[in-house]
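Engineer: What follows is a single structure, and I will ask about it in a moment.
The values are calculated or read from the model by the stated rules, or taken from the named source; none is laboratory data. For clarity, every value in this text was computed on a predicted model and none was experimentally measured. No Cβ is skipped: glycine too gets one built from the backbone with ideal geometry, and neighbour counts run over all protein chains shown. Calculation scope for accessible area: heavy atoms of the full protein, side chains included, ligands and nucleic acids excluded. Shrake-Rupley method; radii C 1.70, N 1.55, O 1.52, S 1.80 Å.
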Amino acid sequence: MAVSLCKKIFQTAKKRIIQQRRVSLYNVAHGYEEELIKKKLQQFAGGSINLSKEDNGIGILTVNNPQLMNAFTGTMMLELQEKVAELENWKDGKGLIICGAGNTFCSGSDLNTVKAIPNSQDGMNMCMFMQNTLTRLMRLPLISVALIQGKAIGGGAELTTACDFRLMTPGSEIRFVHKHMGLVPGWGGGARLVRIVGSGAALRLLSGALKVDPERALHLGLSEETLLSPEESGSLEEARAWLSQYTEGPASVIRAAKQVVTAGRELPLEDALRTEKDIFGTVWGGPANLQALVRRPKHK
(Lines give C-alpha, C1' and ligand atoms only; values in the text may rest on other atoms or scores of the structure.)
Protein backbone atom coordinates (compact mmCIF):
# COMPACT_ATOMS: atom_id res chain seq x y z
CA MET A 1 0.00 0.00 0.00
CA ALA A 2 2.74 2.45 1.03
CA VAL A 3 4.89 1.52 -1.99
CA SER A 4 1.91 1.98 -4.30
CA LEU A 5 1.19 5.41 -2.76
CA CYS A 6 4.83 6.48 -3.15
CA LYS A 7 4.83 5.44 -6.79
CA LYS A 8 1.66 7.42 -7.39
CA ILE A 9 3.17 10.51 -5.73
CA PHE A 10 6.35 10.17 -7.80
CA GLN A 11 4.40 9.79 -11.03
CA THR A 12 2.28 12.86 -10.19
CA ALA A 13 5.44 14.87 -9.45
CA LYS A 14 7.05 13.76 -12.71
CA LYS A 15 3.94 14.67 -14.70
CA ARG A 16 3.84 18.13 -13.08
CA ILE A 17 7.53 18.73 -13.89
CA ILE A 18 6.96 17.79 -17.55
CA GLN A 19 3.90 20.06 -17.80
CA GLN A 20 5.84 23.00 -16.33
CA ARG A 21 8.55 22.50 -18.95
CA ARG A 22 6.06 22.86 -21.80
CA VAL A 23 4.09 25.85 -20.50
CA SER A 24 3.85 28.55 -23.14
CA LEU A 25 5.21 32.00 -22.31
CA TYR A 26 2.40 33.63 -24.25
CA ASN A 27 -1.28 33.13 -24.96
CA VAL A 28 -4.18 35.11 -26.43
CA ALA A 29 -4.14 37.43 -23.41
CA HIS A 30 -0.76 38.66 -24.68
CA GLY A 31 -2.10 39.10 -28.20
CA TYR A 32 -0.43 35.88 -29.31
CA GLU A 33 -2.09 34.15 -32.26
CA GLU A 34 -0.06 30.99 -32.76
CA GLU A 35 -2.13 29.39 -35.52
CA LEU A 36 -2.17 32.66 -37.48
CA ILE A 37 1.60 33.06 -37.40
CA LYS A 38 2.07 29.38 -38.26
CA LYS A 39 0.02 29.88 -41.43
CA LYS A 40 2.13 32.89 -42.39
CA LEU A 41 5.42 31.10 -41.71
CA GLN A 42 4.27 28.10 -43.77
CA GLN A 43 4.31 30.32 -46.86
CA PHE A 44 8.11 30.76 -46.73
CA ALA A 45 9.69 27.43 -47.55
CA GLY A 46 13.28 26.29 -47.86
CA GLY A 47 15.92 24.52 -45.81
CA SER A 48 15.20 22.06 -43.04
CA ILE A 49 15.84 21.22 -39.40
CA ASN A 50 17.28 17.72 -39.16
CA LEU A 51 17.35 15.58 -36.04
CA SER A 52 19.16 12.31 -35.45
CA LYS A 53 18.99 10.42 -32.16
CA GLU A 54 21.88 8.13 -31.34
CA ASP A 55 21.79 4.99 -29.24
CA ASN A 56 24.00 6.61 -26.59
CA GLY A 57 21.30 9.17 -25.82
CA ILE A 58 22.88 12.05 -27.77
CA GLY A 59 20.80 13.96 -30.30
CA ILE A 60 22.23 15.94 -33.21
CA LEU A 61 20.05 18.86 -34.34
CA THR A 62 21.26 20.41 -37.61
CA VAL A 63 20.16 23.76 -39.02
CA ASN A 64 20.27 22.98 -42.73
CA ASN A 65 20.05 25.82 -45.23
CA PRO A 66 23.69 26.25 -46.29
CA GLN A 67 23.02 28.32 -49.43
CA LEU A 68 21.74 31.08 -47.10
CA MET A 69 24.29 30.52 -44.30
CA ASN A 70 21.67 28.38 -42.55
CA ALA A 71 19.23 31.26 -42.15
CA PHE A 72 15.80 30.30 -40.78
CA THR A 73 12.98 30.31 -43.31
CA GLY A 74 9.39 30.24 -42.09
CA THR A 75 9.06 26.46 -42.50
CA MET A 76 12.34 25.94 -40.64
CA MET A 77 10.91 27.84 -37.66
CA LEU A 78 7.93 25.48 -37.72
CA GLU A 79 10.20 22.44 -38.05
CA LEU A 80 12.26 23.59 -35.08
CA GLN A 81 9.14 23.59 -32.92
CA GLU A 82 8.31 20.07 -34.15
CA LYS A 83 11.82 18.78 -33.39
CA VAL A 84 11.74 20.30 -29.90
CA ALA A 85 8.41 18.55 -29.26
CA GLU A 86 9.99 15.29 -30.46
CA LEU A 87 12.91 15.79 -28.07
CA GLU A 88 10.51 16.49 -25.20
CA ASN A 89 9.11 13.00 -25.76
CA TRP A 90 12.50 11.26 -26.08
CA LYS A 91 12.68 9.34 -22.81
CA ASP A 92 16.20 7.97 -23.34
CA GLY A 93 17.81 11.27 -24.33
CA LYS A 94 20.66 12.70 -22.27
CA GLY A 95 22.40 15.28 -24.46
CA LEU A 96 21.93 17.44 -27.54
CA ILE A 97 24.40 19.01 -29.97
CA ILE A 98 23.08 21.84 -32.16
CA CYS A 99 25.10 22.62 -35.26
CA GLY A 100 24.80 24.06 -38.75
CA ALA A 101 25.31 22.39 -42.11
CA GLY A 102 28.24 23.28 -44.35
CA ASN A 103 30.78 24.57 -41.83
CA THR A 104 28.74 27.50 -40.57
CA PHE A 105 26.26 27.80 -37.70
CA CYS A 106 23.32 30.12 -38.46
CA SER A 107 22.78 33.66 -39.76
CA GLY A 108 19.39 34.23 -38.13
CA SER A 109 16.20 34.84 -40.09
CA ASP A 110 15.94 34.60 -43.86
CA LEU A 111 15.48 38.20 -45.02
CA ASN A 112 12.77 37.16 -47.49
CA THR A 113 10.69 35.95 -44.55
CA VAL A 114 11.42 39.11 -42.56
CA LYS A 115 10.44 41.41 -45.45
CA ALA A 116 7.16 39.55 -45.95
CA ILE A 117 6.15 40.10 -42.30
CA PRO A 118 6.43 43.90 -42.16
CA ASN A 119 3.71 44.89 -39.69
CA SER A 120 4.42 45.11 -35.99
CA GLN A 121 1.76 42.63 -34.83
CA ASP A 122 2.94 39.87 -37.14
CA GLY A 123 6.52 40.58 -36.10
CA MET A 124 5.52 40.32 -32.46
CA ASN A 125 3.75 37.02 -33.12
CA MET A 126 6.86 35.63 -34.81
CA CYS A 127 8.92 36.87 -31.85
CA MET A 128 6.59 35.14 -29.38
CA PHE A 129 6.58 31.95 -31.46
CA MET A 130 10.37 31.73 -31.48
CA GLN A 131 10.67 32.71 -27.81
CA ASN A 132 8.28 29.90 -26.90
CA THR A 133 10.20 27.38 -29.00
CA LEU A 134 13.66 28.35 -27.74
CA THR A 135 12.46 28.43 -24.14
CA ARG A 136 11.17 24.87 -24.54
CA LEU A 137 14.51 23.97 -26.09
CA MET A 138 16.36 25.48 -23.12
CA ARG A 139 14.13 23.58 -20.66
CA LEU A 140 14.67 20.17 -22.25
CA PRO A 141 15.99 17.61 -19.74
CA LEU A 142 19.00 17.21 -22.04
CA ILE A 143 22.43 18.79 -21.60
CA SER A 144 22.68 20.93 -24.73
CA VAL A 145 25.72 22.27 -26.58
CA ALA A 146 25.89 24.70 -29.48
CA LEU A 147 28.70 23.69 -31.82
CA ILE A 148 29.66 26.99 -33.46
CA GLN A 149 31.48 26.82 -36.76
CA GLY A 150 31.79 29.81 -39.05
CA LYS A 151 29.29 32.50 -38.15
CA ALA A 152 26.55 32.58 -35.52
CA ILE A 153 25.01 35.98 -36.15
CA GLY A 154 21.70 37.67 -35.37
CA GLY A 155 19.13 35.02 -34.57
CA GLY A 156 21.89 32.43 -34.87
CA ALA A 157 23.69 34.10 -31.96
CA GLU A 158 20.42 34.02 -30.04
CA LEU A 159 20.04 30.30 -30.74
CA THR A 160 23.42 29.62 -29.09
CA THR A 161 22.18 31.22 -25.85
CA ALA A 162 19.31 28.71 -25.64
CA CYS A 163 21.91 25.96 -25.10
CA ASP A 164 23.55 25.08 -21.80
CA PHE A 165 27.05 25.35 -23.29
CA ARG A 166 28.81 26.68 -26.37
CA LEU A 167 31.87 25.24 -28.13
CA MET A 168 33.62 27.21 -30.88
CA THR A 169 35.90 26.13 -33.70
CA PRO A 170 38.98 28.09 -34.89
CA GLY A 171 37.96 31.15 -36.91
CA SER A 172 34.32 31.08 -35.80
CA GLU A 173 32.42 34.05 -34.39
CA ILE A 174 29.30 35.00 -32.46
CA ARG A 175 27.83 38.39 -33.26
CA PHE A 176 24.58 40.07 -32.25
CA VAL A 177 24.14 42.24 -35.35
CA HIS A 178 20.56 43.29 -34.60
CA LYS A 179 21.53 46.98 -34.25
CA HIS A 180 22.55 47.08 -37.90
CA MET A 181 19.05 45.84 -38.83
CA GLY A 182 17.39 48.51 -36.68
CA LEU A 183 16.34 45.86 -34.18
CA VAL A 184 17.08 44.27 -30.84
CA PRO A 185 17.06 40.50 -30.14
CA GLY A 186 13.54 39.09 -30.36
CA TRP A 187 14.03 35.36 -29.80
CA GLY A 188 14.97 35.76 -26.13
CA GLY A 189 18.69 36.04 -26.83
CA GLY A 190 19.10 39.36 -25.04
CA ALA A 191 17.63 38.18 -21.74
CA ARG A 192 19.56 34.91 -21.89
CA LEU A 193 22.81 36.69 -22.79
CA VAL A 194 22.58 38.80 -19.62
CA ARG A 195 22.36 35.61 -17.55
CA ILE A 196 25.39 34.14 -19.30
CA VAL A 197 27.86 37.05 -19.40
CA GLY A 198 26.32 39.70 -17.11
CA SER A 199 24.53 42.95 -17.92
CA GLY A 200 27.61 45.06 -18.70
CA ALA A 201 29.13 42.64 -21.19
CA ALA A 202 25.71 41.95 -22.73
CA LEU A 203 25.10 45.66 -23.26
CA ARG A 204 28.49 46.05 -24.96
CA LEU A 205 27.87 43.09 -27.25
CA LEU A 206 24.37 44.28 -28.24
CA SER A 207 24.96 48.02 -28.55
CA GLY A 208 28.32 47.60 -30.27
CA ALA A 209 27.31 44.64 -32.46
CA LEU A 210 30.75 43.36 -31.49
CA LYS A 211 32.35 40.35 -33.14
CA VAL A 212 33.14 37.71 -30.53
CA ASP A 213 35.92 35.36 -31.61
CA PRO A 214 36.78 32.16 -29.70
CA GLU A 215 39.35 33.86 -27.47
CA ARG A 216 37.01 36.65 -26.46
CA ALA A 217 34.13 34.20 -25.95
CA LEU A 218 36.26 32.21 -23.51
CA HIS A 219 37.17 35.39 -21.65
CA LEU A 220 33.51 36.43 -21.36
CA GLY A 221 32.33 32.98 -20.32
CA LEU A 222 30.24 32.77 -23.49
CA SER A 223 32.15 29.68 -24.67
CA GLU A 224 33.43 26.67 -22.76
CA GLU A 225 36.24 25.65 -25.07
CA THR A 226 37.83 26.23 -28.47
CA LEU A 227 37.98 22.99 -30.41
CA LEU A 228 40.94 21.95 -32.53
CA SER A 229 39.23 21.02 -35.80
CA PRO A 230 37.63 23.65 -38.05
CA GLU A 231 35.99 20.95 -40.18
CA GLU A 232 32.41 19.80 -39.75
CA SER A 233 33.03 16.11 -39.11
CA GLY A 234 36.10 16.58 -36.92
CA SER A 235 34.53 19.25 -34.73
CA LEU A 236 31.37 17.17 -34.30
CA GLU A 237 33.45 14.27 -32.99
CA GLU A 238 35.22 16.66 -30.60
CA ALA A 239 31.86 18.00 -29.42
CA ARG A 240 30.61 14.45 -28.82
CA ALA A 241 33.69 13.67 -26.75
CA TRP A 242 33.35 16.91 -24.76
CA LEU A 243 29.67 16.29 -24.04
CA SER A 244 30.22 12.65 -23.08
CA GLN A 245 31.95 13.63 -19.83
CA TYR A 246 28.63 15.12 -18.65
CA THR A 247 26.23 12.57 -20.12
CA GLU A 248 27.96 9.41 -18.96
CA GLY A 249 25.64 7.47 -16.66
CA PRO A 250 21.94 6.57 -16.42
CA ALA A 251 19.58 8.81 -18.40
CA SER A 252 17.27 9.20 -15.39
CA VAL A 253 20.05 10.78 -13.32
CA ILE A 254 21.45 13.03 -16.08
CA ARG A 255 17.97 14.29 -16.94
CA ALA A 256 17.17 14.89 -13.27
CA ALA A 257 20.37 16.93 -12.83
CA LYS A 258 19.40 19.15 -15.77
CA GLN A 259 15.89 19.60 -14.37
CA VAL A 260 17.24 20.64 -10.97
CA VAL A 261 19.48 23.26 -12.60
CA THR A 262 16.62 24.56 -14.76
CA ALA A 263 14.42 24.97 -11.68
CA GLY A 264 17.20 26.75 -9.79
CA ARG A 265 17.76 29.14 -12.70
CA GLU A 266 14.14 30.02 -13.42
CA LEU A 267 12.15 29.75 -10.18
CA PRO A 268 12.12 31.71 -6.91
CA LEU A 269 14.17 29.89 -4.28
CA GLU A 270 11.28 28.29 -2.38
CA ASP A 271 9.66 27.01 -5.57
CA ALA A 272 13.03 25.74 -6.82
CA LEU A 273 13.57 23.86 -3.56
CA ARG A 274 10.15 22.22 -3.79
CA THR A 275 10.78 21.27 -7.42
CA GLU A 276 14.17 19.82 -6.45
CA LYS A 277 12.39 17.76 -3.80
CA ASP A 278 9.97 16.44 -6.42
CA ILE A 279 12.80 15.57 -8.81
CA PHE A 280 14.73 13.89 -5.99
CA GLY A 281 11.66 11.75 -5.34
CA THR A 282 11.70 10.47 -8.94
CA VAL A 283 15.22 9.00 -8.60
CA TRP A 284 15.36 8.00 -4.90
CA GLY A 285 15.01 4.23 -4.73
CA GLY A 286 15.17 4.01 -8.51
CA PRO A 287 17.29 1.50 -10.44
CA ALA A 288 20.38 3.74 -10.63
CA ASN A 289 20.20 4.55 -6.92
CA LEU A 290 19.73 0.90 -5.88
CA GLN A 291 22.55 -0.30 -8.14
CA ALA A 292 24.89 2.33 -6.70
CA LEU A 293 24.09 1.17 -3.18
CA VAL A 294 25.01 -2.39 -4.14
CA ARG A 295 28.27 -1.28 -5.80
CA ARG A 296 29.21 1.02 -2.90
CA PRO A 297 31.26 3.26 -5.21
CA LYS A 298 34.43 4.90 -3.89
CA HIS A 299 34.68 8.64 -4.49
CA LYS A 300 38.30 9.46 -5.22
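Engineer: Order 46-52, 93-99, 154-160 from most to least packed using the mean count of other Cβ atoms within 10 Å.
Structural biologist: 154-160, 93-99, 46-52
Engineer: Here's a follow-up. In whole Å, how far is the Cα centre of segment 182-259 from that of segment 104-141?
Structural biologist: 19 Å
Engineer: At 7 Å along Cα-to-Cβ for each site, give me the label-to-label distance between Arg274 and Arg295 in nm.
Structural biologist: With each label placed 7 Å out from Cα toward Cβ, I get 3.5 nm.
Engineer: Mind listing the phi-derived Karplus ³J(HN,Hα) values for segment 185-196, rounded to whole Hz, using 6.51, -1.76 and 1.60 with θ = phi - 60°, and x for any glycine or proline?
Structural biologist: Once θ is set to phi - 60°, the couplings for segment 185-196 become x, x, 9, x, x, x, 4, 5, 4, 4, 6, 8 Hz.
Engineer: What's the whole-number percent of alpha carbon pairs in segment 145-197 lying beyond 13 angstrom?
Structural biologist: In whole percent, the share of Cα-Cα pairs in segment 145-197 beyond 13 Å is 55.
Engineer: Same structure, new question: Considering the values (i) 0.93; (ii) 0.98; (iii) 0.96, which represents Rg/Rh (Cα atoms, Kirkwood Rh) as calculated for the structure under consideration?
Structural biologist: Here Rg/Rh (Cα atoms, Kirkwood Rh) agrees with entry (ii).
Engineer: Something else: Per residue of segment 169-174, what does 6.51 cos²θ - 1.76 cosθ + 1.60 with θ = phi - 60° give for ³J(HN,Hα)? Whole Hz please, x for Gly and Pro, Karplus curve as stated.
Structural biologist: Karplus values, whole Hz, x for Gly and Pro: 9, x, x, 7, 8, 10.
Engineer: List the residues, sorted by chain then number, that are 5 or more residues from Ala146 or on another chain and whose placed amide H is less than 5 Å from its amide H.
Structural biologist: Sorted by chain and number, the residues that satisfy this are Ile98, Phe165, Arg166, Leu167.
Engineer: Give me, ordered by chain and number, the residues 5 or more places off Asn27 or on other chains with an amide H under 5 Å from its own placed amide H.
Structural biologist: Tyr32
Engineer: In addition: Each residue of segment 100-105 in order: what ³J(HN,Hα) in whole Hz does its phi give by Karplus 6.51 cos²θ - 1.76 cosθ + 1.60, θ = phi - 60°, with x for Gly and Pro?
Structural biologist: With the stated coefficients, segment 100-105 comes to x, 7, x, 6, 9, 8 Hz.
Engineer: Still on this structure, please answer the following. If you wrap a convex hull around the Cα atoms of segment 37-191, how much volume per residue is inside, in Å³?
Structural biologist: About 102 Å³ per residue, rounded to a whole number.
Engineer: Past 27 Å, Cα to Cα, is the threshold; run Lys115/Lys211; Lys38/Lys83; Lys53/Lys115; Lys179/Lys258 against it and keep the listed order.
Structural biologist: Lys53/Lys115; Lys179/Lys258
Engineer: Accessible area, 1.4 Å probe, largest first: how do Met126, Met76 sort?
Structural biologist: Met126, Met76
Engineer: Please give the FRET efficiency for Ala241 paired with Val261, using the beta carbon to beta carbon distance and R0 = 25 Å, rounded to the nearest 0.05.
Structural biologist: My answer for the efficiency is 0.70.
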